[in-house]
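K.L.:
First the structure, then my questions, so here it is.
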Amino acid sequence: MPDLDMRPTRILYIENDPALRYILGKMLASSSDIEVLGSFSSADEALQRELVRKADVALVDFALDQNGLNGIELGIALRSINEYIGVVIYSQFSVRPMVNRVPKSMRAGWSFFNKSAEMDTEDYAKILRATASGKGNWEEVLEQDNSSQTREASIFFALTPRQRSIMSLSVQSKSPQDIAEQLGLSYSYVRKELSRAYAVLLPNAKESDDLKTAAVLKYMELMRMS
């Protein structure tokens, strides 16, 4: 098992959604506890033997290329290259049933969680570091009540159609100025509507939170549910 006490946790990040890969990749790279060795959109891109051998853990979206490996299959393939690599599977679907797709003999060092806009960089770093050290959460996930995985899709419909249009462009990494020009609105109007949308999407946000990133992640989560 690699010694993680004196250096950042070295990770591979595999996510086929370009907007989320950009946003979350940026978040992860900002952490002093994490070193992103590579960010990839598919299993084929990620299976670079030398890079996999250097990594401590992989953060993998379950739903990758429909014609290729899914996240579980990729995790198993990564383990065949690096027997010590931790595997963290995250998904917009319930992750509880996914645990059984991993052979029991291989489950040590596997973690699973649902994509959530409520998670910040420290949350990701904690999960990645624990999994890299062999402390996966798969047993805890199996014990979870399915009802705890439900989400509030009604939030999506609490946004006005205009706010949804603005958030859809924000998800594409468009700036408020770009959004204003594309929709034929004033810059100040777009800023106000973004603030209102953030309040709907993140009712319990703190002043110290990165509201833009959290709101974009939350909106993407709701879009997958709608």
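The values are calculated or read from the model by the stated rules, or taken from the named source; none is laboratory data. None of these values were measured; they are calculated from a predicted model. Note that we place each Cβ from the backbone using ideal geometry, even for glycine, and neighbour counts take in every protein chain shown. Heavy atoms of the whole protein, side chains included, go into the accessibility calculation; ligands, DNA and RNA do not. Shrake-Rupley method; radii C 1.70, N 1.55, O 1.52, S 1.80 Å.
K.L.:
Any residue in region 121-139 that is part of a loop (DSSP other than H, G, I, E, B) sitting within a Cβ distance under 6 Å of a residue that is of a type in the set (Lys, Arg)? List the pairs, counting only those 6 or more apart or interchain.
P.N.:
Going by the 6 Å Cβ cut-off, there are no qualifying pairs.
K.L.:
A further question follows. Of the residues that sit in region 106-120 and are open to solvent by 30 Å² or more (accessible area, probe 1.4 Å) and modelled with pLDDT of 90 or more, which one is farthest from residue 33 (Cα to Cα)?
P.N.:
Per the stated criteria, the residue is 106.
K.L.:
Only one of (1) crowded, with 18+ Cβ neighbours inside 10 Å; (2) more than 10 Å from the chain's Cα centre (by Cα) is not met by residue 14, so which one is it?
P.N.:
Checking residue 14 against (1) crowded, with 18+ Cβ neighbours inside 10 Å; (2) more than 10 Å from the chain's Cα centre (by Cα), the one that fails is (2).
K.L.:
Next question, about the same structure. Within region 190-206, take every residue that is farther than 19 Å from residue 118 by Cβ and among the charged types (D, E, K, R) and give me the one that is least open to solvent (accessible area, probe 1.4 Å).
P.N.:
193
K.L.:
In this structure, is residue 67 open to solvent by 40 Å² or more (accessible area, probe 1.4 Å) and assigned to a loop (DSSP other than H, G, I, E, B)?
P.N.:
Numbers: open to solvent by 40 Å² or more (accessible area, probe 1.4 Å): yes; assigned to a loop (DSSP other than H, G, I, E, B): yes.
So residue 67 passes the test.
K.L.:
Return the total of residues in region 164-194 being assigned to a helix (DSSP H, G or I) and either over 23 Å from residue 24 (Cβ atoms) or of a type in the set (A, V, I, L, M) (or both).
P.N.:
The initial filter retains those residues of region 164-194 that are assigned to a helix (DSSP H, G or I), namely 164-171, 176-183, 187-194.
Remaining after also requiring either over 23 Å from residue 24 (Cβ atoms) or of a type in the set (A, V, I, L, M) (or both): 165-167, 169, 171, 177, 179-183, 187-194.
Summing the residues that are assigned to a helix (DSSP H, G or I) and either over 23 Å from residue 24 (Cβ atoms) or of a type in the set (A, V, I, L, M) (or both) in region 164-194 gives 19.
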